[in-house]
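Comments concern the structure below.
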Amino acid sequence: MEKIQFDTIISKLDELINVINISNNIKNKTIINNTINELLSREQAAELLKCDLSTLWLWTKKGLIKKFGSGKRMYYVKSELLQSELYLGIKPKIIIKSI
């Protein structure tokens, strides 16, 4: 059986740590149109828009902002939120249907 050099083990561990760090950095980001946009959780998006989670849900349901994911795991692209009318302070036109 071949003996593995200590330096080789250290080198491989360093490579593995580098891959893990890159993986963790990419985990919360997505590549869209060759630019990296940070993905925000529901809580982070609500904080950015200075609204409640229920308001964020309503705006998402009405189509005023776009979400990614499904169920409990919903994410929002930060650059899209920053360009949205809601962030810019423009009141969106919401038609409330009376019953």
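The values are calculated or read from the model by the stated rules, or taken from the named source; none is laboratory data. Just so you know, these numbers come straight off a predicted model, no measurement behind them. Positions of Cβ are generated from backbone atoms using ideal geometry, with glycine treated the same way; all protein chains shown enter the neighbour counts.
Of all residues assigned to the range 23-44, at least one qualifies as being modelled with pLDDT under 85, β-branched (Val, Ile, Thr) and loosely packed, with under 10 Cβ neighbours inside 10 Å.
More than 21 Å from residue 89 (Cα to Cα), exposed (fewer than 13 other Cβ atoms within 10 Å of the Cβ) and either more than 10 Å from the chain's Cα centre (by Cα) or not polar (S, T, N, Q) (or both): is that true of residue 63 in this structure?
No, not satisfied.
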